Structures are given as structure tokens and as C-alpha cells.
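Please treat every number below as a calculation from the coordinates, not as lab data. Everything quoted here is computed from the prediction, not taken from an experiment. Because the Cβ atoms are built from the backbone with ideal geometry, glycine has one as well, and the counts that use them run over all protein chains shown.
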Amino acid sequence: MSKRKRQSKKIEIWAKLYPTGLNIPSPVNKNRIMLAAQKMPVNGEDVKLTIEFTRRSKSAESMGFYWGGVLPLWIAHMKDLVKVDSLKKEPLILQRLVREKKILKSEIDSCHSDFMLKFRPIQQKNWLTGRIETKRDSIADMDSYNAMLYITEVCQFVEDNTGMILNTEEFKNSRDNMDLIIQEGPSVVKKLVSG
């Protein structure tokens, strides 16, 4: 009688790791383990357990602040499109500059690459040339904590070198007011100005 080689089966389950041990809270996951276990030999079989910590996703608000606020502010400053008092008078000036294509997406991408090289450089060996090259990290690969740490460093750098601070509350209020005007029409402007 020939032995058939059993195909390895992989299952992925979600669990919580505590100091006291591993907890599999979902009954669905427990059922999946039991289904996989029924196909195992009676004597048991070795299994490989890989623990991978899940990353908390970066918030859309923090990414919007970085891509739509911090980077355009730096570009606008370098192109001399904004002054210190410009943001106070018109909180949506950066959004307008992007819409009017005075700040291009390619410039924002390039600015992002420059900041990543400045704040998150990675030294790697080029195996073809044998030289050590500096590359940049990726914000997509960062967890939410490291992404916010990076954004804070960039924001501090921009603030120190431009003298301008992005007031997120003023921006949100102006953006929400603009959305309300777009939805309700010009008649709502009187209510916003008087209220």
C-alpha cells in the first residue's frame, strides 16, 4: 500500500495574543480549525504557527492632512505662492492652488519622495554595482503610529522653515462651509456670515 503525500492546508484565522496566551474569540475560527483538524491523522501532525501582528490602518484624515495640507504648503512656500497671513485670510488657499493646477500632483509626489529620503532613508546594497545606495521608506508600509510620527516630523520641519502653521480646525470649518454652500446654494451664505 503506497502512502499518498498529504497536501498541506493553510488556514488563516484571527486571534488575540495576551500575556496569558493565545485566545481565539470567534466561533467561526474555532470551527475552521476543527474542520482542518478532522482531516488530520489520528496520531496528530506537526503544524507551523505564524504570528503576525495586524497593523492599524492609517486614517483618511491624517493622510488627507499630509497629502492635501503639509505637502502643498511646502510647495506653495517654495514657489512663493503663499505668505504667512495667506492661510489665516483664506484657509482653503492650498486646495484652490491644487485645483487651479498651480501645484501639480507630480510636484506633490516629488515633494513626498524628497521628504521620505530626508526623514526615512534606507541604506541598501546594490547587488549589481556593489555600492551602498540610499533609498526611501514607503508610507504605505508604515503602520498608523509610524506614519503619524513621520507626518509630525515633516509638519514640524515645514512649520520651522516657513513660519506657517496649518490650522486644521479653520480648514475643516471652511471646507464644511464650502460644502454647505455647494449643497444649499448661495442663500445659506447670509446665515453663515450672520451666525
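List of remarks:
- Lys-Lys pairs in region 102-174 that are eight or more residues apart or on separate chains and whose Cα atoms lie under 23 Å of each other come to 6.
- Full extension of the chain between GLU159 and GLN124 gives 9.5 nm of extra length, using 0.36 nm per residue less the Cα-Cα distance.
- Separation of the GLU12 and LEU92 label points, Cα + 7 Å toward Cβ, nm: 4.1
- Take 111-118, 83-90 and order them by the average number of nearby Cβ atoms within 10 Å per residue, most first; the result is 111-118, 83-90.
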